[in-house]
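First the structure, in the form of structure tokens, and then the observations on it.
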Amino acid sequence: MITFRNHLKGVDWEALREDLIGDRFHNGRTVAQLRASFENSRHVAMAFDRDRCIGNARALSDGIGNAYLLDVWTQSGYRRQGIGRTMVEMLFTAVPGQHVYLQTEDAVGFWESLGFRPQPHGMSLVVGRYLQTH
């Protein structure tokens, strides 16, 4: 049975990192960096099958007008069951009235089904070396 949480209690961060690597959804973060990324986020949505985290999503937000979705992932074997949609809707509930932005090249149809529309420009810059914290 799949359960959903809006907190990080019970996450096995090492197992989660290995699952992200296995699904080619890993961006190079160490276990500590992965955990800190979620702990430092204003809102999280996590999906579990018993004790195993099989989905995650997080939102950065100013609490007023803008939020940004990141790390929306459902383990391959659990996709197309509404898990990703449920996690995103949990995050939507946490940011009422806010402009929600995400950057993606994947699953565009999924994002459009949730109401997202393309914007003409998106830009990014990595300051210094990627994932360097100091």
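Please treat every number below as a calculation from the coordinates, not as lab data. This structure is a prediction, so every number in the text was calculated from the model and none was measured. As a convention, Cβ positions derive from the backbone with ideal geometry for all residues, glycine included, and neighbour counts pool all protein chains shown.
Write out the GluC sites (Glu not before Pro) in the stretch 39-134 meeting two conditions: DSSP loop, and at most 15 other Cβ atoms within 10 Å of their Cβ. Here the sparse-neighbourhood loop sites are Glu105.
With n ≥ 4 as the cut-off for DSSP H runs, can you work out [θ] at 222 nm for the chain, using -39500 (n - 2.57) per run divided by the number of residues, rounded to the nearest 500?
-8000 deg cm²/dmol
Placing a pseudo-label 7 Å from each Cα along the Cα-to-Cβ vector at His121 and Ala15 gives an inter-label distance of 4.6 nm.
Where in the stretch 70-134 are there chymotrypsin sites (Phe, Trp or Tyr not before Pro) that are in a DSSP coil and have at most 12 other Cβ atoms within 10 angstrom of their Cβ?
Tyr130
For the chain, the fraction of C-alpha pairs farther apart than 19 angstrom is 51 percent. Annotation note: trypsin sites (Lys or Arg not before Pro) in the stretch 14-107 located in DSSP loop regions with a Cβ neighbour count of at most 10 within 10 Å are Arg24, Arg50, Arg80.
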